[in-house]
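Worksheet for the structure shown next.
The values are calculated or read from the model by the stated rules, or taken from the named source; none is laboratory data. Treat the numbers as computed from the prediction; the structure is a model and nothing was measured. Here the Cβ positions follow ideal geometry from the backbone for every residue, glycine too, while neighbour counts run over all protein chains shown. Side chains are part of the model used for accessible areas, which takes the heavy atoms of the whole protein and leaves out ligands, DNA and RNA. Shrake-Rupley method; radii C 1.70, N 1.55, O 1.52, S 1.80 Å.
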There are 2 protein chains.
Amino acid sequence: MIRTRPRGRPVAALDQNARALLLDAATDLFAHQGVAATTLAQVAHAAEVTPAMVHYYFKSRDQLLDAVVEERVWPFVELVWTPPPADADAIGVMTAMAERIIRGAEIRPWLPLLWVREVLSEGGMLRERMMQRLPFDRVMQLSTLMADGQQRGHINPDLEPRLLFITVLAMSMMPLATASIWRARPGMQDIDNTVLVRHVTALLRHGMAAPGKE
Amino acid sequence: MIRTRPRGRPVAALDQNARALLLDAATDLFAHQGVAATTLAQVAHAAEVTPAMVHYYFKSRDQLLDAVVEERVWPFVELVWTPPPADADAIGVMTAMAERIIRGAEIRPWLPLLWVREVLSEGGMLRERMMQRLPFDRVMQLSTLMADGQQRGHINPDLEPRLLFITVLAMSMMPLATASIWRARPGMQDIDNTVLVRHVTALLRHGMAAPGKE
């Protein structure tokens, strides 16, 4: 059923490969044209397998979407929320998180697109699925860590601790989601992700510190 | 043709009113369900006028979209890019811009939604229209102002001047675009736009300053 079947490879491995190819193709199509506009037939075509094979692995687009969340999007979320060292301060935690968002999205070029289209957009088809699973307790822990830092005079008192995660996510992810626009402008091509990491972490490091405490 | 026609009101004023109602309805539908999913009949229905009246004012969805950009979106862009006082420094310019984005979007609740769906999303139907008109020369002027500040030792040297506009836009706009999600979480309801302005401008003011120069 797959166009080229490597000789001597066991069928189980081939099956796993077909499933992975389908997930990759679906993730890519969902990111570029949206979940609603993507049919199972298009996914089969992009993965170069028969439509029957899509139905064999995933009964419906809903099931395929669940698998994309579980196996493609979730590893990124887990990466972003890697627990910090026990003695980490709020500034260290947030700058490390910004770097993980940018580096994690770098090897998943579909991710910022999917995030804009299906999480950020009202009615996005991943919005509910992500909301149900997002670790809001960890967002709140982070917020407490920041508030403690403010009390002890280390952290800029004008910041709102509960807004910091969304700020970091926005600063890191939006330039990636729009890179195809701004990198095409004259004089912008040389801004790579290393520059973006330096820019975002510098703004956070100094912006989060209480004045005079850097 | 309009459901209720105020007595004694001249027809010209009535027409202007119908046209404005149509533009408002279209802007709202475009923001909430997307341009592609919105028909002229839906716009007519939402504005409570006959479909014939939509066709009278706007020959096509494309023409309606042009009018939405020109008369609804563009005033916001102009507001954001209000020229700063001649003696303004980069930090003053960027914090004022962040505040104008947040306050300008506050009175245009459809704006952050439309921006996510039709500008940020790949294939968004306002992307091209906005790109052709965005004042990139002013983005570059801003970037030069920042770079000058870095040379003179006032501005954090680790920041990338060319990324600052997109950073400010992201930090200001993304919390607004997702407010319906996070404001619904326990303990988040009291975060209003005054808190958001304070948070974003505090992060910028301290984060943009060269260490020891605040």
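Where does chain A land on Rg/Rh, using Cα atoms and the Kirkwood Rh?
Details: Rg = 20.5 Å, Rh = 19.4 Å.
My calculation of the ratio gives 1.06.
For segment B:45-194, report the accessible area per residue in Å² (1.4 Å probe, heavy atoms, rounded to an integer). Write down the numbers at each step before the final one.
On the way: 6660 Å² over 150 residues.
Value for segment B:45-194: 44 Å² per residue.
Express the Stokes-Einstein translational diffusion coefficient of segment B:101-214 in µm² s⁻¹, to the nearest whole number, given a Kirkwood radius over alpha-carbon pairs, 37 °C and a viscosity of 0.692 mPa s.
On the way: Rh = 15.9 Å.
Rounded, D is 206 µm²/s.
So what is the relative contact order of chain B, in percent, for Cα pairs below 8 Å that sit 6 or more residues apart? Each step should come with its number before you reach the end.
Values: 178 pairs, mean separation 46.9, N = 214.
Reported as a whole number, the value is 22 percent.
Report, in degrees rounded to the nearest 10, the 0 to 90 angle that the Cα long axis of helix A:90-106 makes with the longest principal axis of chain A.
30 degrees
Could you sort B:55-67, A:149-161 so that the peptide with the highest average Cβ count within 10 Å comes first and the rest follow in order? Walk me through the numbers before you get to the answer.
Numbers: B:55-67: 15.5, A:149-161: 17.3.
Taking the mean over residues of other Cβ atoms within 10 Å, the ranking is A:149-161, B:55-67.
Most mobile of A:Asp28, A:Asp89, A:Asp190 per a Gaussian network model of chain A (Cα springs, under 10 Å)?
A:Asp190
Rounded, prolate or oblate for segment A:12-59? Axes are the square roots of the Cα gyration tensor eigenvalues, ordered a ≥ b ≥ c, and the cut-off for rounded is a/c under 1.5.
On the way: a/c = 2.29, a/b = 1.69, b/c = 1.36.
In terms of gyration-tensor shape, prolate.
Roughly how far apart, in whole Å, are the Cα centres of segment B:127-188 and segment B:44-72?
32 Å
Treat the protein assembly as shown as a sphere of radius equal to its Kirkwood radius over Cα pairs and apply Stokes-Einstein at 25 °C in a medium of 0.890 mPa s; give the translational diffusion coefficient in µm²/s, rounded to a whole number.
Details: Rh = 23.6 Å.
D, rounded to a whole number, is 104 µm²/s.
Using only protein heavy atoms and a 1.4 Å probe, report how much of A:Glu106 is accessible, in Å² to the nearest 10.
For A:Glu106, the solvent-accessible surface is approximately 80 Å².
Calculate, for B:Arg103 and A:Asp87, the FRET efficiency according to 1/(1 + (r/R0)^6) with r their C-beta to C-beta distance and R0 30 Å; round to the nearest 0.05. Spell out each step's value before the answer.
Working: r = 40 Å, r/R0 = 1.34.
Between B:Arg103 and A:Asp87 the formula returns 0.15.
Calculate, in nm to one decimal, what A:Asp137 and A:Val77 gain on full extension: separation in residues at 0.36 nm each, minus their alpha carbon distance. Could the numbers behind the result be given before it?
Values: separation 60, 0.36 × 60 = 21.60 nm, distance 1.39 nm.
Taking 0.36 nm per residue and subtracting the Cα distance, the gain is 20.2 nm.
Nearest 100 Å² is fine: what is the total accessible surface buried where chains A and B meet, probe 1.4 Å? All intermediate terms of the calculation are to be shown ahead of the outcome.
On the way: alone 12180 and 12180 Å², together 19630 Å².
Roughly 4700 Å².
From the P(r) of segment A:51-124, can you give the percent of Cα pairs sitting at distances over 13 Å? Each step should come with its number before you reach the end.
Working: 1993 of 2701 pairs.
So the portion of pairs separated by more than 13 Å is 74 percent.
Using helices alone, what [θ] at 222 nm do you get for chain B, with -39,500 (n - 2.57) per DSSP H run of 4 or more residues, divided over all residues and rounded to the nearest 500?
Numbers: 12 runs with 132 residues, N = 214.
Roughly -18500 deg cm²/dmol at 222 nm, from the helical runs in chain B.
With charges set only on the Cβ (+1 for Lys and Arg, -1 for Asp and Glu), what does the dipole of segment B:72-208 come to about its Cα centre, in debye to the nearest 20? Walk me through the numbers on the way to the answer.
Numbers: 15 positive and 14 negative charges, 73 e Å.
The dipole magnitude comes to about 340 debye.
Keeping all protein chains in the complex and leaving out DNA, RNA and ligands, what accessible area do you get for B:Thr39 with a 1.4 Å probe, in Å² to the nearest 10?
70 Å²
Just going by the charge dipole of chain A, with Lys and Arg at +1 and Asp and Glu at -1 on Cβ, which of A:Leu203, A:Ile107, A:Ala52 is farthest out on the positive end?
Of the candidates, A:Ala52 comes out farthest on the positive side.
Take the solvent-accessible surface of the protein heavy atoms, probe 1.4 Å, and return the percent of it on segment B:12-59 that carbon and sulfur atoms account for. Spell out each step's value before the answer.
On the way: 1320 of 2170 Å².
For segment B:12-59, the apolar C and S fraction of the accessible surface comes to 61 percent.
What is the distance, in nm, between label points placed 7 Å from the Cα along the Cα-to-Cβ direction at B:Thr50 and at A:Ala147?
In this crude label model, B:Thr50 to A:Ala147 measures out at 6.0 nm.
Under 20 Å from the 7 Å Cα→Cβ point of A:Ala37, by amide nitrogen: which residues of segment B:64-83?
It comes to B:64-66, B:69, nothing else.
By how many degrees, between 0 and 90 and to the nearest 10, does the Cα long axis of helix B:11-33 differ from the longest principal axis of chain B?
So the inclination is approximately 60 degrees.
What are the residues whose amide H is under 5 Å from the amide H of B:Ala209, where those residues sit 5 or more places off or on another chain and H is modelled from the backbone?
Under 5 Å from the amide H of B:Ala209: B:Asn156.
Rounded to two decimals, what is Rg over Rh for segment A:149-194 when you use alpha-carbon atoms and the Kirkwood radius?
Working: Rg = 15.7 Å, Rh = 13.0 Å.
With Rg and the Kirkwood Rh in hand, the quotient comes to 1.21.
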